[in-house]
Structure formats: structure tokens, C-alpha cells
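Please read the structure below before turning to the comments.
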Amino acid sequence: MSSPNRKSPESLQDRLDQVMHLLHMPGQSPAEEGDLSPAEELAREQRNQELQRKLEELHPADVAFILESLPLEERLAVWQRVKSAQDGEILLEVSDAVRETLIADMDSQEIIAAANNLDADELADLAPDLPRDVVRELMDTLDAQQRERLKSALSYDDDQVGALMDFDMVTIRDDVTLEVVSRYLRRFEMLPDHTDKLFVVDHDGFLKGVLPVKKLLVSAPDELVADVMSEDPVIFAPEDDAGEAVQAFERYDLVSAPVVDVRGQLKGRLTIDEMLDYIREENEADVLSAAGLREEEDIFASVWKSVRNRWAWLAVNLCTALIASRVIGLFEYSIEQLVALAALMPIVAGIGGNSGNQTITMIVRGVATGQVQVAHARRLIRKEASVALINGSFWGVVLAGIAYLLYANVPLSIVLMTAMVLNMLLAAFMGVVIPLVRMRLGRDPALGSSVLITAITDSGGFFIFLGLATLFLL
């Protein structure tokens, strides 16, 4: 029988529906509390107990999903019914935006009680979202080792390996037999999660190698660790880029890996779950950046918070739309003389924008995986220009044929085909240049790139098509 706190996505959705049903039953609203009869108050208490029981059966990640799926008032009502022992783990699982609303509903002592159940690396994830006075008070409650580990983790940027490393690991010496190691491991009530290897260190904590657990299981008990350990494992430094670490985990099929300082002393380890969390967060950030959003947004956030998150790139959009309208305004006379231009020019702009977004998507993905560098700009421009030329020529001919059937105007069809080819070439060029320039300036290549490329291909498409039409048709 499966564990009660491991639910399939289907049963999790069922639990969400059940939670919402309990929350929406009569008498559950805080506004109704004073108007309940004793029988209604008893029924309300029973429903609250049922709600708490359902929450206790769920994994913290599943409770986080439910909290993220509820509007603020209902979210806080559920949060108040979560057992305090689970608070810390749930805070780690929810999104940053939702975490902010939950922490705001807690007092200092509740936050400290929740944080005391977490390891140093988990505290490092949570600390940036906590009030400063709470962090200082929390530091005072930690032992010297935990305090030092927390300070170490907080000293690194979010995109560095040091900010992601885990301090919970098993270390052994190389001069003992595998039988001794096995007896040592049996003293643990439970091994740290994702323990696929043991770290072999000397008396000063310097890494000498790793002993895969599978080797421990299949090797003779009287063999020495030094004889069966791997002396050249994949290692990372705390200052290494987390994105590069993710690529290494994928390339070498790693589950865990040691993190050592410049002297070779073991500082911690990276685990696959941290890598997966990092990938998910980066992918979410890329999706938001592509839409011009500055940060993750709680879907049930207040109107003002959502406005602040979205206004900047909407302002950029407004400016670019005004530029596009002024480009069209330059050719008002041409459009008046040949009304077909008004019907055809959005096609040129739209196809160019789509082509540019395809290029940008490929380049941003290449940057994220480390395959694309600024030095590749010329080669990428040539390649994307060739693709745009072929696609533009083919679809330009198709569009020109359609235009001829509609308007029986050969020069107009030729101008339309030419404008499409030129605008797709412009889109290819800007689709490579925009993310690489942002990368060169140390900015996020994905941030607003689709907004910029759409603005350029719209204005460029209008200008090219209407300009050619003015020159050759009128």
C-alpha cells in the first residue's frame, strides 16, 4: 500500500477539490463566526478537524500546491490549520510570491519554530524572505556548526554552487575495510536523501575520493576503502556557476557530487533534487522574462502588486506601438491610394515577428545550455539569415500567389514577396543580436526579448512593405 503522504496528481486534485468544498461550506467564513448556534459551531469544528486531517495526510509539496491554488483569504485559513511541524518544509516548497503571504501571517516565534526544523542549506533558501530581525534571532538559536554553515551558504549568489550545496552527507576514511564502513552505516537511523556515494576524506577533511554505495554492496567486506574507491570524481567549487553544474549532472548522470574549496577540503555536496529545483526555477524565470514580467507573480496577488510587476514592459510596448503607428502614418497617402496595402501589411509584420521569436527562442536556449557564446554571433547570423532567406522566399511566393488571386496586381504581389523576405532577414538578424547583446552586457538574454523582436519586426515590416509599395507602385 502506498504511503498516505505520496499522492498521484489525480488524487491531489481530488484533495484540492475536497479542501475547497470544506472551506465553502456554510459557517466556515470568519464573518459568520459570531452568528453560529452551538450545533453549527460543533459542525464547524468537525469540518476544521476533517480539513486538518486531510492536510496531515499530504506531503509538504502537495500542501504547497493546494496553498498556491487558493485565493489569499482561503489560503490563510488553510495555512492556520497546518501543523507547525510542517511549516518549514511547506515554506520551502511554495513559490516565492506565496511564501511572502504566508510569512506575513506568522509572528516571529512561529517563524523561528518553523525554521528550527530545517537544515542549514534549507535555512539559506528561506532566510532572504524572512524579516532581518527574525534572521538575527534565528542565528542566535543555532549551534556553532549550523550558524557557520548558514553564513557560508548565504555568502554565495543564488546562481552559484555554494548557495545550492547540502551539508548533510556521510564521510569515511580510506584506511578502513568495507565491513567497518557497513557497520558504521548501520548506526544511522536513516541515510541522507540521495546518498549514492560516500565521501572519502583524510583527518583534515580533504577529499581523497568517493565510494559508490553500489561498490560497497558488491565488493568483498575485507577490502580497504582505498582499493575500491574512485579517486577522480566529478567535483565542484562553491564559486562555480550553478547552470554549469546542472549541465554536468545531466552529462554524467549524477545523483550527488562533492563540493570542495580551492584547497580541496570538502565543504558540502550537490544533489539531484537541488539541480531539478534550479532547472524549474530557471525555466519559470525564462518564461516570465520572455513575457516581460520582472518576477514570479502570485496568481491571486493584489491588483497593485500585479500592476507593479507588469507595468515596465507594458510601457515599452506602448512606446514601440507608437513607433509602429508613426511608421504607418508616414505612408498614409500610399494607403489611401492603394487600400490593399492596409490589408496586407499586418501579414508581413506578423510573419516576421513569428520568425524572429523562433530565432530568439533557439538562441536563448543555446545561451542557457552554454552552447552559444558571443563569439558565435557571426556564424549564427549567417545561419539564421540563410534559414530566413529560404523560408521567406518560399512563403513569399505562396503569399504573392494569394495576393494575385485577390487583387490581380502583379507588381503588388512582387512587392509583398520582397517585403516578406527582407523582414524575415531583419527578424533573423535581430533575433540573434538582441539576446547576445543582453548577454554581453551581463543582462538576462530572455528578459523582454520577445517584446523587443515583435516591436522591431512590426515597425520594420510596415516600413519595408509600405516603403517598397510607395517607391514601385505609386
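The values are calculated or read from the model by the stated rules, or taken from the named source; none is laboratory data. Fair warning: this is a prediction, and the values are worked out from it, not measured in the lab. When we count neighbours, we look across all protein chains shown, and the Cβ atoms used for this are built from the backbone with ideal geometry, even at glycine. Side chains are part of the model used for accessible areas, which takes the heavy atoms of the whole protein and leaves out ligands, DNA and RNA. Shrake-Rupley method; radii C 1.70, N 1.55, O 1.52, S 1.80 Å.
Just by accessible area at a 1.4 angstrom probe, what is the order of Trp79, Trp395, Trp304 from largest to smallest? Please list the in-between numbers first.
Details: Trp79 15, Trp395 135, Trp304 165 Å².
Largest to smallest exposure gives the sequence Trp304, Trp395, Trp79.
For the chain, just the Cα atoms, rotate onto the principal axes and tell me the three extents in Å, largest first.
Computed over the chain, the largest-to-smallest principal extents equal 89, 75, 45 Å.
Using the beta-carbon distance between Asp227 and Val262 and R0 = 41 Å, what value does 1/(1 + (r/R0)^6) give for FRET efficiency, to the nearest 0.05?
Working: r = 29 Å, r/R0 = 0.70.
The computed FRET efficiency comes out at 0.90.
With each run of n ≥ 4 DSSP H residues scored as -39500 (n - 2.57), what mean residue ellipticity at 222 nm is computed for the chain after dividing by its residue count and rounding to the nearest 500 deg cm²/dmol?
On the way: 21 runs with 304 residues, N = 474.
Computed mean residue ellipticity for the chain: -21000 deg cm²/dmol.
Using the Kirkwood radius over C-alpha pairs as Rh, can you work out the diffusion coefficient of the range 226-357 via Stokes-Einstein at 10 °C, viscosity 1.306 mPa s, in µm² per second?
Numbers: Rh = 20.2 Å.
Rounded to a whole number, D works out at 79 µm²/s.
Please list, or write none, the lysines whose alpha carbon is within less than 30 Å of the alpha carbon of Lys151, excluding same-chain residues fewer than 8 places away.
Hits, sequence-local ones excluded: Lys83, Lys197, Lys208, Lys267.
Translational diffusion coefficient, Stokes-Einstein: compute it for the range 422-474 using the Kirkwood radius over C-alpha pairs as Rh, at 10 °C and 1.306 mPa s, and state it as an integer in µm² s⁻¹. Provide the component values of the computation, followed by the final result.
Details: Rh = 12.0 Å.
In µm²/s, the coefficient rounds to 132.
At q = 0.11, 0.15, 0.16, 0.20 Å⁻¹, what is the base-10 log of I(q)/I(0) for the range 59-138 according to the Debye formula with one equal point scatterer per Cα and no solvent? Please give it to two decimals.
Values, matching the q order: -0.24, -0.45, -0.52, -0.82.
Alpha carbons only, please: Rg and Dmax for the range 210-277, in angstrom.
Rg, Dmax (Cα atoms, Å): 13.6, 41.
Quick one: putting +1 on the C-beta of Lys and Arg, -1 on the C-beta of Asp and Glu, what dipole do you get for the range 35-184 around its Cα centre, in Debye to the nearest 20? Intermediate values should be presented prior to the final figure.
Details: 15 positive and 37 negative charges, 63 e Å.
In debye, rounded to 20, the range 35-184 gives about 300.
Taking 35 Å as R0, compute the FRET efficiency from the Cβ-Cβ separation of Thr171 and Asp253 and round it to 0.05.
The pair Thr171/Asp253 has a calculated efficiency of 0.90.
Quick check: with the 1.4 Å probe, what order do His24, His194, His203 take by accessible area, largest first? Present the calculation step by step, with values, prior to reporting the outcome.
Values: His24 110, His194 75, His203 150 Å².
Highest to lowest solvent-accessible surface, that is His203, His24, His194.
Choose one of Ser84, Ala61, Met139: the residue whose Cα lies farthest towards the positive end of the charge dipole of the range 20-154 (beta-carbon charges +1 Lys, Arg; -1 Asp, Glu; about the Cα centre).
Sorting the options by dipole projection puts first Met139.
Can you give the Kirkwood hydrodynamic radius for the range 332-474, in Å, rounded to one decimal and based on Cα pairs? Mind showing how you got there, number by number?
On the way: mean 1/r = 0.0642 Å⁻¹.
Kirkwood hydrodynamic radius for the range 332-474: 15.6 Å.
Between Met190 and Val374, what is the FRET efficiency for a Förster distance of 30 Å, r being their Cβ-Cβ separation, to the nearest 0.05?
On the way: r = 47 Å, r/R0 = 1.58.
That gives a FRET efficiency of 0.05.
Name the residues whose placed amide hydrogens come within less than 5 Å of the amide hydrogen of Lys267, ignoring near sequence neighbours (fewer than 5 apart) on the same chain.
Here the answer is Val259, Val260, Asp261, since their amide H atoms fall under 5 Å of that of Lys267.
Would you work out what percent of the accessible area of the range 359-402, with all protein chains in place, is carbon or sulfur (probe 1.4 Å)? Could you put the intermediate results ahead of the total?
Details: 1830 of 2780 Å².
Carbon and sulfur atoms account for 66 percent of the accessible area of the range 359-402.
Any idea what angle helix 84-93 forms with the longest principal axis of the chain, computed on alpha-carbon atoms, 0 to 90 degrees, nearest 10?
So the inclination is approximately 30 degrees.
Percent of Cα-Cα pairs more than 19 Å apart in the range 102-203, please. Kindly include the intermediate steps, with their values, before the conclusion.
On the way: 2813 of 5151 pairs.
Counting every Cα pair in the range 102-203, those more than 19 Å apart make up 55 percent.
Nearest 10 degrees is fine. How inclined is helix 410-440 to the longest principal axis of the chain, computing both from alpha carbons?
30
Can you tell me the accessible area per residue over the chain, all protein chains present, probe 1.4 angstrom, in square angstrom?
Details: 25770 Å² over 474 residues.
Spelled out: the 1.4 Å probe surface of the chain, per residue, equals 54 Å².
Over the Cα atoms of the range 306-367, compute the convex hull volume and normalise it per residue, giving Å³. Spell out each step's value before the answer.
On the way: hull volume 7.3 nm³, N = 62.
It comes to 117 Å³ per residue, whole-number rounded.
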